[in-house]
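Read the structure below first, then the notes.
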Amino acid sequence: MHYLEREFYRRDTLTVAKELIGKYLVREYEGTLLAGRITETEAYIGAIDKACHAYGGRKTERTRTLYEPEGTAYVYFIYGMYHCMNVVTEPEGTAAAVLLRGVEMIHGLEVSARLRYGREYEELTRRQLQNFADGPGKLCKAMAISREQNRVDLCSAGFYITDTFPGCINEELEIGASPRIGIDYAEEAKEYPWRFYVK
DNA sequence: TTCAGGATGTACT
DNA sequence: GTACATCCTGAAC
């Protein structure tokens, strides 16, 4: 198993967002391997996108990460209690990223259940299983991702994205596109079909 | 099964 | 002071 190389992230952000569907987000957490198959992403492109934190070249302490080299993790705190994780795309100096909006956990479920709900996996309700990591804040909680992971290079061991995961078969996936979620403020950009998901 | 309302801290103006 | 790339709960259907 190997992580995706930097060239993967260097490309056009919409392409990266689409191709990240079906890949595996892997994180080594206190000795256990947590892994989830990516099921939903969104592209954010600073140069042309009013929904992007770095729209129009905005540079602040928070958005600084978006200008980092491709393959860097951009993690920020939102709504007082959640985190969102992105992967920076395109060359250094260009502000763009892909938000990870959902994964299906495939490894480390026992540890992940305690992180997510503070309960054992066997004790989870049907609803809790359904809602396990199908949202940007949920997947961060399920995989213990917080601001400590901001600016971390994903082209390295310990925290990365990969094409294959032991025991998992990569099926042909039908990918849908739609407008992005939760960006009503973004005027014309809110209509852009930059959200990708497994149909 | 869907929906409104509230929780919560920080970045930015 | 305000807005925020969200999620959970409980109540209505």
Exercise for the section: Would you work out the relative contact order for chain A, in percent, from Cα pairs under 8 angstrom that are 6 or more residues apart? Expected result: 28 percent
Problem - Convex hull volume per residue in cubic angstrom - Cα atoms of the stretch A:6-173 - result: 120 Å³
Handout entry: Residue-wise HN-Hα coupling along the stretch A:105-112, computed from phi with Karplus coefficients 6.51, -1.76, 1.60 (Hz; x: Gly, Pro)
Key = 5, 10, 8, x, 4, 5, 5, 5
Handout entry: Residue-span extension gain [A:I169 to A:M81] - 0.36 nm each, minus C-alpha spacing
Key = 28.2 nm
Exercise for the section: Compute the length gained on full extension between A:S178 and A:S146: take 0.36 nm times their separation in residues and subtract their Cα-Cα distance, giving the result in nm to one decimal. Expected result: 8.8 nm
Completion exercise
Here the residues of the stretch A:1-42 lying in the modelled label zone of A:A157, meaning backbone nitrogen under 18 Å from a point 7 Å along Cα-to-Cβ, are A:1-6, A:26-35
Exercise for the section: Just grab the label-to-label distance for A:R62 and A:E191, each label 7 Å out from Cα along the Cβ direction, in nm (one decimal). Expected result: 2.7 nm
Practice task
Name the residues whose placed amide hydrogens come within less than 5 Å of the amide hydrogen of A:M105, ignoring near sequence neighbours (fewer than 5 apart) on the same chain.
Solution key: A:R37
Exercise for the section: Mind listing the long-range amide H neighbours of A:A96? Cut-off is under 5 Å, sequence gap 5 or more, other chains count too, H placed in the peptide plane at 1.01 Å from N. Expected result: A:G46, A:T89
Completion exercise
Phi angles of the stretch A:161-167, converted by Karplus (6.51 cos²θ - 1.76 cosθ + 1.60, θ = phi - 60°) into ³J(HN,Hα) in whole Hz with x for Gly and Pro, give 10, 9, 7, 9, 9, x, x
Fill in the blank from the handout: Checked the stretch A:151-199 with the C-alpha gyration tensor, a ≥ b ≥ c its square-rooted eigenvalues, rounded below a/c of 1.5, otherwise prolate if a/b is larger than b/c and oblate if not; verdict oblate
Fill in the blank from the handout: Stretched fully, the stretch from A:E30 through A:R10 gains (0.36 nm per residue minus C-alpha distance, one decimal, in nm) 4.2 nm
Completion exercise
For A:K59, the aspartates and glutamates lying under 12 Å Cα to Cα, once residues fewer than eight places off in the same chain are dropped, come out as A:E68
Handout entry: Those lysines that a straight Cα-Cα span of less than 27 Å connects to A:K138, excepting residues fewer than 8 apart in one chain
Key = A:K18, A:K23, A:K50, A:K190, A:K199
Practice task
With runs of 4+ DSSP H residues as the only contributors, calculate the mean residue ellipticity of chain A at 222 nm using -39,500 (n - 2.57) per run, divided by the residue total and rounded to the nearest 500.
Solution key: -4000 deg cm²/dmol
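Every number in this text was worked out from the coordinates using simple rules, so none of it is lab data. All figures in this text were calculated on a predicted structure; none of them were measured in a lab. Cβ sites come from the backbone with ideal geometry, for glycine too, and all protein chains shown count toward neighbours.
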